[in-house]
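Encoded as structure tokens, the structure appears first; notes follow it.
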Amino acid sequence: MASLRRAPGDLYAEASLRHVGDLEISEEATLLELKAQAMTLSPSSDFVIPSPAFLRAWTLESKSPSRLLRINLQRLKEYKLGRKTEICLEPLQKEENLGPHDVVLRTQLRVPGKRAYGPHVDLVWDTARGWTTSSLRQCIAHSCSLPVEKIEIAKYFPEKFEWLPVSSWNQQITKRKKKKKQDNLQGAPYYLKDGDTIGIKNLLVEDDEDFGTARDDLGKAAQRQLALGKQKSQEALRVQGSDVCSRAKTPGRPRAPEASLSIHVGSFR
């Protein structure tokens, strides 16, 4: 059984999810059949979906899109979804048939002279030849109709309100193994995956190194205030704990010195 949700508008950031119903379907069914059955659950005039090919499916974790289910003809059992999996369906403007090596990224072109970005545009990146910096830059440059040497790109980490530039790769050789370090954006420090946001800067009109926005500044300031508040709370708890320990170890009233006693036994005969 899958619980299906539909996400209108901006899917990846602050998505508005609407529950459209529960669906029981065989594990032998394909992803395309799942999409087709989902279209019958809750018809709405808000969404005109011509066919299942106009839907993109994600698994949900913590109420956010997580893993992209990309191959329409693949059977559900091969995705290893499990029972009661929540799935988010994203309406698309055009048909989509993703292959096993296609990665969906959210790209945003920076507005020249402003610390802001234009509307996001989905980019389908074919990683068949590898998750390399060069391949990604060429794909983005082609989509923007710009020379590859005239763009700079950065991945956005929303939980930190930070942009990490995806610089041209310099091969490094370790001293011990003498092996070239692989150019793979799936690994550290980028950990690139489906749904990630990539900021694009046009160097023909803007050449500074700043990728941030005013919203990022506010987010970082709020995080600093939160961290400061936690630090003060922890310090107060430590002071309170030390006071309790001090009182527990404080000796009580000192005992008076013992007096010597002389005991006499009388005769009462």
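The values are calculated or read from the model by the stated rules, or taken from the named source; none is laboratory data. Just so it is clear, the structure is predicted and the values come from calculations on it, not from any experiment. Every residue, glycine among them, receives a Cβ derived from its backbone with ideal geometry; neighbour counts consider all protein chains shown.
General observations
- Across the range 89-105, the number of residues qualifying as part of a strand (DSSP E or B) and in contact with a Lys or Arg (Cβ under 8 Å, 6 or more places away or on another chain) comes to 6.
- In summary, strands (runs of 3 or more DSSP E) completely within the range 106-169 and bearing 2 or more residues that are over 30 Å from ALA222 (Cα atoms) occur at 121-126.
- Hey, GLU86 modelled with pLDDT under 95 and part of a strand (DSSP E or B) or not: yes
- Residue in the range 97-115 that is modelled with pLDDT under 95 and β-branched (Val, Ile, Thr) present: no
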